Each structure stands twice: as C-alpha cells, then as structure tokens.
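Worksheet for the structure shown next.
Derivation of every value follows stated rules applied to the coordinates shown; laboratory data play no part. Being a predicted model, the structure only gives us computed values, none of them experimental. Cβ: placed from backbone, ideal geometry, glycine included. Neighbour counts: every protein chain shown.
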C-alpha cells in the first residue's frame with residue numbers, strides 16, 4: 001500500500017468516524033433532558049398512550065407535549081392513532097440501544 005493510498009484510507013476512515021460521532025452527539029443532546037429521558041425509559045418498556053405517560057411520570061401538559069414533540073422531531077419516537085388515543089413508541093434503533101444500556105441504572 002502506498003503512502004498516498006494509506007492517507008486516503010485514513011481520511012475516509014476519519015470522515016466516517018466524524019459522521020458517526022456527529023450523529024451520536026445529536027442523539028445525546030436530545031436525550032440530555034430529564035423529562036425526555038424518563039419518557040424514553042417508559043417507552044423502552046413498550047408503547048404507551050399520552051395519558052399513560054402523563055399518569056406514570058407526573059409530567060403535565062404542556063411540558064409533556066413539548067418534550068414529545070422534541071422526541072418526534074428528532075425521529076426518536078413515532079406515533080399511531082388508536083381511536084381517540086395517540087400511542088407513542090421508540091422508533092430509533094440507536095435510542096433504543098442507549099436506553100437498553102441505561103435501563104438498569106435509571107429506568108427503575
């Protein structure tokens with residue numbers, strides 16, 4: 001392998017690493033909020049309705065809606081309608097993987 005090829009390979013590896021690190025930082029920024037982390041803890045156990053989340057976490061409107069909106073916009077959670085209820089679930093594999101690691105420490 002020539003020096004030029006090694007440099008090109010190193011640059012490519014660095015760019016991939018930088019992209020992965022940037023993606024991880026974005027995920028951590030969204031998760032670095034106590035209310036959002038509690039919501040993700042609950043949702044890591046299975047999908048929940050807005051009323052179930054409000055009752056189990058004692059996070060009241062408008063804070064609950066605000067935090068769920070942040071999670072939706074970051075594409076960490078998704079929704080479906082079931083009659084009059086909006087049901088939330090974790091839609092990001094990365095967020096779910098982080099929550100699996102954290103669950104033993106914070107999702108008690």
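A few points about this structure:
- The peptide list 14-20, 71-77, put in order of mean Cβ contacts within 10 Å with the highest first, becomes 71-77, 14-20.
- Rounded to the nearest 10 degrees, the inclination of helix 3-31 to the longest alpha-carbon principal axis of the chain is 10 degrees.
- Share antiparallel - DSSP beta bridges, the chain, percent rounded to 5: 100 percent
- From the coordinates of this entry, Kirkwood radius over Cα pairs in Å is computed, and it appears in [x] 15.9; [y] 15.5; [z] 14.8 under the label [y].
- The chain, relative contact order [Cα under 8 Å, separation at least 6], %: 27 percent
- Angle between the chain longest axis and helix 63-73 axis [Cα atoms, degrees, rounded to 10]: 30 degrees
- MRE, 222 nm, helices only [DSSP H, n ≥ 4, -39500 (n - 2.57), over the chain, to nearest 500]: -22000 deg cm²/dmol
- Sorting 79-89, 29-39 by average packing, meaning the other beta carbons within 10 Å per residue, from highest down gives 29-39, 79-89.
- Helix 93-106 axis versus longest C-alpha principal axis of the chain: approximately 70°, rounded to the nearest ten.
- Cα gyration tensor shape for segment 30-92, rounded if a/c is under 1.5, else prolate or oblate: rounded
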